[in-house]
Amino acid sequence: GAVVSQHPSRVICKSGTSVKIECRSLDFQATTMFWYRQFPKQSLMLMATSNEGSKATYEQGVEKDKFLINHASLTLSTLTVTSAHPEDSSFYICSARDVYGYTFGSGTRLTVV
Amino acid sequence: KQEVTQIPAALSVPEGENLVLNCSFTDSAIYNLQWFRQDPGKGLTSLLLIQSSQREQTSGRLNASLDKSSGRSTLYIAASQPGDSATYLCAVGRVQGAQKLVFGQGTRLTINP
């Protein structure tokens, strides 16, 4: 089946710094990828839709200047959390749509200290 | 606005029992419905995908049904095993902006040996 690789799995950063998370489709091309955020014991909330070669579409309430998304190729999308603060600490997951449905990465646990 | 609800929020059963997880959605105009499994601190694993034109899908001990008119889906797990312990999420693909998924809050399942 389709595989989506997400890195890093865990990252700890200092408040005010930026963190980049990568999401790669390994054996298929993904023109569209999705970025989700998940708080402890809560469900996934869609943050933005990443489109190859064009600007990302952000969900209402998501700060596009804080969460920068780049989808430069058909197999790579990146999410950069800029000027991170403790309230940005969360579990971030990417996904891509393929012929089987939606395939998800393994997630990134971001802790901002 | 599509809303997805999963009941119960948590379920604990003895090993070997058959069980049913429930998912309901408010807007019957869906593109598809997908059931996922999430282990603690991990990403999502796709279990079953049901297209809007289908009534059910089966994979091994899992069977998922879909009743669009009533806005319900069920995930049936036969002969449960301790390894089935995880959080189960259902997600609805919207017709408008069909690639976006709306997730339920999940059911945390514990199978006791």
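Of the options A:Pro86, B:Gly43, B:Leu89, report the single residue whose Cα projects farthest towards the positive end of the charge dipole of the protein assembly as shown (beta-carbon charges: Lys, Arg +1; Asp, Glu -1). The residue sitting farthest along the positive end of the dipole is A:Pro86. Each of the peptides B:23-32, A:49-58, A:27-36 was scored by the mean count of other Cβ atoms within 10 Å over its residues; in descending order, highest first, they stand as A:27-36, B:23-32, A:49-58.
If you take the accessible area of B alone, add that of A alone, and subtract the area of the pair, what total do you get in Å², probe 1.4 Å, to the nearest 100?
1600
Look at the alpha carbon pairs under 8 Å that are at least 6 residues apart: their mean separation over the length of chain B gives a relative contact order of 37 percent.
Summing charges over all other residues whose Cβ lies under 12 Å from the Cβ of A:Phe28, with Lys and Arg as +1 and Asp and Glu as -1, gives 0. Taking only the Cα atoms of the protein assembly as shown, the ratio Rg/Rh comes out at 0.97, with Rh defined as the Kirkwood radius.
Shielding value for B:99-107 is 5, the average number of Cβ atoms from other chains within 10 Å of each residue's Cβ. When DSSP beta bridges are restricted to pairs lying wholly in chain B, around 90% turn out antiparallel. Computed over protein heavy atoms with a 1.4 Å probe, the carbon and sulfur contribution to the accessible area of chain B reaches 47%.
Using the heavy atoms of the protein chains and a 1.4 angstrom probe, tell me the accessible area per residue for chain B in square angstrom.
Accessible area per residue, chain B: 48 Å².
The stretch B:42-113 and the stretch A:82-108 have Cα centres lying 20 Å from one another. For chain A, report the convex hull volume of the alpha-carbon atoms normalised per residue, in Å³, without decimals. It comes to 94 Å³ per residue, whole-number rounded.
Descending by average beta-carbon neighbour count within 10 Å, the peptides B:35-46, B:99-110 line up as B:99-110, B:35-46, the highest first. Of the residues making up the stretch A:32-80, those losing 20 Å² or more of accessible area when the isolated chain is joined by the remaining protein chains, with a 1.4 Å probe, are A:Thr32, A:Phe34, A:Tyr36, A:Gln38, A:Lys41, A:Ser43, A:Leu44, A:Leu46, A:Glu59. Rounded to the nearest 20 debye, the dipole magnitude of chain B is 340 debye, with +1 charges on Lys and Arg beta carbons, -1 on Asp and Glu beta carbons, and the Cα centre as origin. Lysine pairs, Cα distance under 21 Å, 8 or more residues apart or cross-chain: how many in chain A? For chain A, qualifying lysine pairs total 7. A Gaussian network model of chain B, with springs between Cα atoms under 10 Å, assigns the largest mean-square fluctuation among B:Ala79, B:Ala64, B:Ala91 to B:Ala79.
Can you list the lysines whose alpha carbon is less than 26 Å from that of B:Lys68, not counting same-chain residues fewer than 8 positions off? Here the lysines satisfying the reach criterion relative to B:Lys68 are B:Lys1, B:Lys100. When B:Ser65, B:Ser59 are compared by accessible area at a 1.4 angstrom probe, the order from most to least is B:Ser59, B:Ser65.
The values are calculated or read from the model by the stated rules, or taken from the named source; none is laboratory data. Quick caveat: nothing in here was measured; it's all calculated off a predicted structure. Using ideal geometry, Cβ is built from the backbone for each residue, glycine included, and neighbour counts are taken over all protein chains shown. We work out accessible area using only protein heavy atoms, side chains counted, and drop any ligands, DNA or RNA first. Shrake-Rupley method; radii C 1.70, N 1.55, O 1.52, S 1.80 Å.
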